[in-house]
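Nothing in this text is a laboratory measurement; each read-out follows from the coordinates by a stated rule. The structure presented is a predicted model; accordingly, all values stated were derived computationally and were not measured. In this analysis, Cβ positions are derived from the backbone assuming ideal geometry, glycine residues included, and neighbour counts consider all displayed protein chains.
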Amino acid sequence: MTDRLYYHDSFLYDFDAEIREVLDSPRPALILDRTAFYPTSGGQIFDTGRIITAANDRFKVTEVADTEDGRVVHYFEADRDFDQAALQPGNRVRGQIDAARRCDHMQQHSGQHVLSAAFLRLHNMPTVSFHMADDYCSIDLDAPTLTKEQIESAERLANEIILENRGVDVRFVTRDEAGKLGLRKLPPTERDELRIIDIRDFDLSACGGTHVAQTGQIASILLRKVEKVRQGWRVEFVAGQRAVATARRDFTTLTETAALFSAHIYDVPQQTRKSLDEIRALRKQREQSQEELAAAQASALLAETAEINGRKLVVRTLTDRDLSFVKLLAQKLTRLSPHAVALLATSSPQPALVFAQSTGQPFDMGALLKEAMTTLGGRGGGSKDLAQGGLPNANGIDSVLKALAEKLAG
Ligand SMILES: [Zn+2]
């Protein structure tokens, strides 16, 4: 078993140890007799840092993990060729923890204890799990509902506890003693000795994580997204410098958005709603104009197309018209005249074909479109009276339409 120095001192960033084992698969790793490196466990993510040999070779510790039998594995990367002899069991090494990362993890994890206790005290909502990631953390609360007021009051209480700068003590007790202490949460595993994190007169939890010494070191807690999960509610939060960095990022985003509207940041929701309403109104107007334009164009096309063998064959390639407009035009043509057959295309912005005939006309538009597609490429299909498809480019549209028109004219 590795002696875990962080159990007794969360602020120990520099330590000496002896190499116990050197592993090389799947990645090179070291097991030491003692370590201050925290391995991922209990929701808290691992420390990083360096291991330095007596020959002054430096290894970057990229991940730290627990083994099932209680050892701590330090995965490392060597930045250059190193003296293999210095990495042998029995040799002494020095470990250096990335203090900024550890400090951040302590702020998040201690922040979580304070926040979980606040939700339990104020709203009787127990925390069932804790998750820490590189950007934000979350707790899952066992609660049927969670209101905005409950979120804000828990956040307020947590920040008050931080401001009061209460002591955070680490104690080791037997399981029996722990049972009498009234812990917020007892670990499920059967251990004889439990490590207790004691936030003075506020929270007692069994936990193996690294914690601040005074709640003031958490600095602040900011609650973020809340979402319903299977067994309750997930509350995202950030503590310490992360809270400031997150608020800074939010402010920058809001400021950029507000500048687009030439508005104050607090008016962004109102301005956005206004813009969306305008977009909806414009979209409606546009649809109406398209309808009218398609109808007018269809009338003009029918007027200028001679009726041959009892039908009007309209062949047209449009530009700067999207597929929906071409389809609209095809529908207008076949509804305005009972004798229309339309072979329509658009060459831009997105090349496409629409073939349509008035109800009762004898051709098969779906089959005709497939025939065009074999020459032009693209995908599409449809029924006997209406078929459409997109093309990869506008090459050859006119000649294919001309050939099909000649075929239909018989
Ligand atoms: Zn904990």
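Rg and Dmax of the range 137-249, based on Cα coordinates, read 15.6, 47 Å.
Projected over every direction and averaged, the convex hull enclosing the alpha-carbon atoms of the range 346-388 yields 2.9 nm². Can you tell me which lysines have their Cα less than 16 Å from the Cα of residue 370? Leave out same-chain residues fewer than eight positions away. Cross-link targets: 384, 402, 407. Pairs over the 31 Å Cα-Cα cut-off, from the set 148/185; 225/274; 185/225; 60/228: 60/228. Could you tell me the distance between the Cα centroids of the range 214-245 and the range 12-43, to the nearest Å? A separation of 30 Å, based on Cα centres.
Axis of helix 397-409 versus longest Cα principal axis of the chain: the two differ by about 40°, to the nearest ten degrees.
Only DSSP H runs of four or more residues enter the estimate; each adds -39500 (n - 2.57), and after division by the residues of the chain the mean residue ellipticity at 222 nm equals -12000 deg cm²/dmol. When the P(r) of the range 88-169 is calculated, the portion above 16 Å amounts to 61% of the C-alpha pairs. Around the amide H of residue 2, modelled in the peptide plane, lie the amide H atoms of 71, 72, all under 5 Å away and 5 or more residues distant in sequence or on another chain.
Among the GluC sites (Glu not before Pro) in the range 176-270, those placed in a DSSP loop whose Cβ has at most 12 other Cβ atoms within 10 Å are 190. Compared with the dominant principal axis of the Cα atoms in the chain, helix 323-336 is inclined by about 30°.
Where the centroid of each part is defined by its Cα atoms, how far is the range 137-197 from the range 278-302 in Å? The range 137-197 and the range 278-302 have Cα centres separated by 63 Å.
The C-alpha atoms of the chain occupy a region whose extents along the principal axes are 100, 57, 43 Å, arranged from largest to smallest. The range 324-390 and the range 50-109 have Cα centres separated by 68 Å.
Both radii are taken from the alpha-carbon atoms of the range 209-322; with Rh as the Kirkwood radius, Rg/Rh is 1.39.
As I understand it, the value is the acute angle between the Cα axis of helix 99-123 and the longest principal axis of the Cα atoms of the chain; what does it come to in degrees, rounded to 10? Roughly 80 degrees between the two axes.
Within the chain, the longest segment free of exposed loop sites, counting trypsin sites (Lys or Arg not before Pro) that fall outside DSSP classes H, G, I, E and B and have at most 10 other Cβ atoms within 10 Å, spans 231-410.
Close amide-amide hydrogen proximity is noted between residue 214 and 168, each under 5 Å apart and 5 or more residues distant or on a separate chain (H modeled in the peptide plane; Pro and chain starts excluded).
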